[in-house]
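The structure appears right after this line, and notes come after that.
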Amino acid sequence: MSKKLFVFLILLVLITCPVLSLTEIRVKETELVDLEIRASDPDKEDTLAYAYSKPTDSKGKWQTSYGDAGAYNITVTVSDGKLSSSEQVLLVVEKKDEAPIIEAAYPDEEEINIKEGSSVNFKIKASDLNKDKLSYLWELDGKKVSETDHFSYFSSYKSSGDYALNAYTSDGKLTAKKEWKINVKEIDRAPIFMPVMGILAKETQKVTIYLNATDPDDDAITYSAVGMPEGATLSGNVFSWFPGYDAVKKQGFIDSFLDKYHLVMDSYAVKFTAKGKEAEATQNVRITVLDVNRKPVLGGMEDMIVTEEDAFTIKATASDPDGDALKFSYSGWTDKDSYKTSYGDAGEHIVRVAVSDGWLTDSRDVKIIVKKKNRAPIFMEIGRYAVNEGQPLSISLMANDPDGDALAFSLLGMNITNSSINGNVFEWMPAYSTVKREPKDFVLEFSASDGNYTATRDAVITVNNVDIAPNIAEASPKKEFSVRKNEPVVFKVAAEDPDGDEIRYDWVFGLFETHENFGNTMKRVFTAEGDKKVKVIVSAGGKEAEYEWNVKVR
């Protein structure tokens, strides 16, 4: 649209120069200003020339554009070549509001596909036809995120999903908008495994490993393991293992050498895995197990019973759970496994049997019961003895026992009266009837016994005869008694001869009345009164004894 200004020249009589009459002009930006001048000249024949000040051109035209808003005083001059006239034209260019224009946007795509953890830089280039100062606003899902012409979107590992990003530019009145759709694809990140140091343990020592991993996406973590030793378990995040005594295998020369110093060990490599949703992290842990030496074990050994002078051998057996070479040793009663007993060894003895693998030892006591081997006593020579009848005889029996046993002495085979053995002393008093007239040798066999064995010795004892008077043991009637005249009386004696000789009885009733060898009984009748004496003479072997009665005859 153009605006034309019609100017009329009014010829004034008194004024000889051209005259302009102008007004205020209003236009909007982008409109064409066209000042069309109409002037009059009093001289009428003069050719008029017009001149316009800026911003119009020489023809009084001006094509306004955005940003030209304002008030402009335009001077219009008309001249007839000699005289001229000028007027001011007030040109008001009113602003024509136009929304800003987004000329370019980056990225070009309206739908952006990225993965969690990625970033995208957004930028817009905008202009304003009104040349107004532009402001910017970025909104992500309705939330202001920037007020510049650019915005960098950083996705976290928890930001999967669809987002709407809008960029606005404004001149204060009108606004331009650019839209993007951001699609963030979820990325499963691997768990973060806390490091586990290598483990050093001994056989039978519990190994516990607490696995600790975190998932950056907060996913639940499951644990698994590859290469676990036999018997090991994994429950949740806890690895447990009791390495047994067979956890360390001894192989080859090197292990044999190291075993002398108990430095044998085996290593187990276990690969642990911590898995989130899909992604996983692994960690290799080396478990080194030191060999533990176990003590050898002696086999059962029973107590032994032997007899003096017997030989015995202790048959010790042992096993070693580690298969180590074993060495036996003996202490106590003997320092060897074999021994020959001798006399005097009777009793209970202890031999300690020990077995060693070079480091550890097992021991056990074996009781050796040595039974006494009884030896016969040794009886000394007794010799010859002589004794008279009625004479005591004492013989000390001499014997000894090699074992020191107590000895009991006895007389074998013959019953000797009036004899006894007290301890080792034989006592005998031969009776007067032991022998007759001539001496007699008695061979007595004595024994000495320790309860098991017996030794004997003979003793020759010569007993000599000894004559002694017979012995009147009884007599009747009483030694003194009374009797009536002519009353019969029976006199009787009982006699014995220690020598066993034949006994002779001689009865004497008076000086001239003797009855020889009449027997031990005599019947008598006294015919006269008075005191009478009756005597009996008992004789044997040339020895005699008398017994006399005193009789009162009434």
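The values are calculated or read from the model by the stated rules, or taken from the named source; none is laboratory data. Predicted, not measured: the structure shown is a model, and the values here were computed from it. Every residue, glycine among them, receives a Cβ derived from its backbone with ideal geometry; neighbour counts consider all protein chains shown.
Among the strands (runs of 3 or more DSSP E) confined to the range 110-189, the ones with at least 3 residues that are under 60 Å from the mean Cα position of the chain (by Cα) and more than 30 Å from residue 66 (Cα to Cα) are located at 175-185.
When 444, 412 are screened for being exposed (fewer than 13 other Cβ atoms within 10 Å of the Cβ) and over 60 Å from the mean Cα position of the chain (by Cα), only 412 passes. Taken residue by residue, the range 468-482 has at least one member that is small (Gly, Ala, Ser), surrounded by 12 or more Cβ atoms within 10 Å (Cβ to Cβ), under 29 Å from residue 541 (Cβ atoms) and in contact with a Pro (Cβ under 9 Å, 6 or more places away or on another chain).
Could you go through the range 517-538 and let me know if any residue there is part of a strand (DSSP E or B) and closer than 25 Å to residue 465 by Cβ. Yes, that holds for at least one residue. Listed by first and then second residue, the pairs linking a residue in the range 508-519 that is within 11 Å of residue 491 (Cβ to Cβ) and among the polar types (S, T, N, Q) to a residue that is modelled with pLDDT of 85 or more and not in a strand (DSSP E or B), with Cβ atoms under 8 Å apart and 6 or more places separating them unless they lie on different chains, form an empty list.
Scanning the range 397-417 for residues that are assigned to a loop (DSSP other than H, G, I, E, B) and not β-branched (Val, Ile, Thr) yields 397, 398, 401, 402, 403, 404, 405, 406, 407, 413, 414, 415. Total residues in the range 286-333 satisfying the condition of being surrounded by fewer than 16 Cβ atoms within 10 Å (Cβ to Cβ) and hydrophobic (A, V, I, L, M, F, W, C): the figure is 5. Scanning the range 371-428 for residues that are free of Cβ contacts under 8 Å to residues at least 12 places away in the same chain and under 28 Å from residue 305 (Cβ atoms) yields a single hit, 404. State all residues of the range 51-108 that are on the phi > 0 side of the Ramachandran plot and outside any strand (DSSP E or B); if no residue qualifies, say none. Scanning the range 51-108 gives 60, 67, 81. Listed conditions (1) modelled with pLDDT of 90 or more; (2) buried (at least 18 other Cβ atoms within 10 Å of the Cβ) are all met by residue 130, apart from (1). Restricted to the range 198-248, and to residues there that are more than 19 Å from residue 283 (Cα to Cα) and touching a Leu at 6+ places or on another chain (Cβ under 8 Å), the residue that is surrounded by the most Cβ atoms within 10 Å (Cβ to Cβ) is 248.
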